[in-house]
Structure formats: C-alpha cells, structure tokens
Amino acid sequence: MRVCVIDGQGGGIGAAIIKRLKEVYQEEHEVIALGTNAVATAQMMRARANRGASGENAIVRTVPLVDIILGPLSIVLANSMMGELTPRMAEAISSSPAPKLLLPLTQEQVEIVGLSPEPLPHLVEKIISERLKEYMRHV
C-alpha cells in the first residue's frame, strides 16, 4: 500500500505521523512524504519516509497515484499554511480518489464545531492505530 503523508511549513505534524506509522507497520507499506516546501519534506524524510518530494507539481502529480492520504485538515484548504498550500494543491488532494484521513488541526480561521481539542500525540495515535488500521484490513 502507498501511504502518502502531506505537510507544510516545518513538517512536524507529518514527521509525527510517519514516525508512528513506521513504529506500527515498519516497512510493510511504502510511505511517501509530500511537503509544501523542502524543509517540511526533509523533516518527514528524517522520520523515515521511503520517498519524498516538495512543491505544488510533486503534490499534484503524486496524490492521484496513492492508496491513502494522511495529514492535517489544512491540506484541503486553499491558501492555508500561510499561503504555502496553493489552490491547485488543495484541489488535487481533495479530488484524489484516495481516502483521506485528516487531523483536525489548522492554523486558519476554521473551527470544527463539536470536536474536542486533543494534543497531537493523541491524534496521531488515533489516526495510525485506529483509523488507518481499518483501511489496511481492506487491502
């Protein structure tokens, strides 16, 4: 299975996801790190992603080819991440046929009503050990 992790700015959220993903699944699945910039991609590569690429074209060309997409909610919001997430990126990610497991984290003026805020480590554990596990069983 090709698991795509997308992040921007510092890449810390993506790196946390990849680190836990590798702890749980080791090398069972290919992990592709896509960063909105080179710093984010480098951070995710240090977390042991199998492959990585940066920027709009890399994201637009890769997301239609992966089996599942993980990342913060802001990856589907045009102009988020201080403008790093372009409308073209948001459209490509949203339009990808891959299921998207998104963490409810955003620095934008977006509030998810009815959601209890949780620390990043708890959210990463839920996305990897609970939600992703359901998708891995169907492969």
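Where a number appears in this text, it was derived from the coordinates with a stated rule and is not lab data. On a predicted model such as this, the values are computed, not experimentally measured, just so you know. Here the Cβ is made from the backbone with ideal geometry for all residues, glycine too, and neighbour counts use every protein chain on show.
Report yes if some residue within the range 53-63 is surrounded by 12 or more Cβ atoms within 10 Å (Cβ to Cβ), free of Cβ contacts under 8 Å to residues at least 60 places away in the same chain and over 15 Å from GLY35 (Cα atoms); otherwise report no. No, that holds for no residue.
Do we have ARG20 as surrounded by fewer than 17 Cβ atoms within 10 Å (Cβ to Cβ) and either in contact with a Pro (Cβ under 9 Å, 6 or more places away or on another chain) or among the basic types (Lys, Arg) (or both) here? Lay out the reasoning, then the answer.
Values: surrounded by fewer than 17 Cβ atoms within 10 Å (Cβ to Cβ): no; either in contact with a Pro (Cβ under 9 Å, 6 or more places away or on another chain) or among the basic types (Lys, Arg) (or both): yes.
Answer is no for this residue.
Those residues that are farther than 18 Å from ASN79 by Cα and assigned to a helix (DSSP H, G or I), I need them from the range 41-62; list them, please. Let's see the steps before the verdict.
So the first thing to find is which residues in the range 41-62 are farther than 18 Å from ASN79 by Cα, and the list is 41-53, 61-62.
Those that are farther than 18 Å from ASN79 by Cα and assigned to a helix (DSSP H, G or I): THR41, ALA42, GLN43, MET44, MET45, ARG46, ARG61, THR62.
Being under 24 Å from ARG131 (Cα atoms) and surrounded by fewer than 17 Cβ atoms within 10 Å (Cβ to Cβ) is a description that applies to VAL110.
Within the range 78-101, the residues that satisfy the criterion of being under 17 Å from VAL66 (Cβ atoms) and in a loop (DSSP other than H, G, I, E, B) are SER96, PRO97, ALA98, PRO99.
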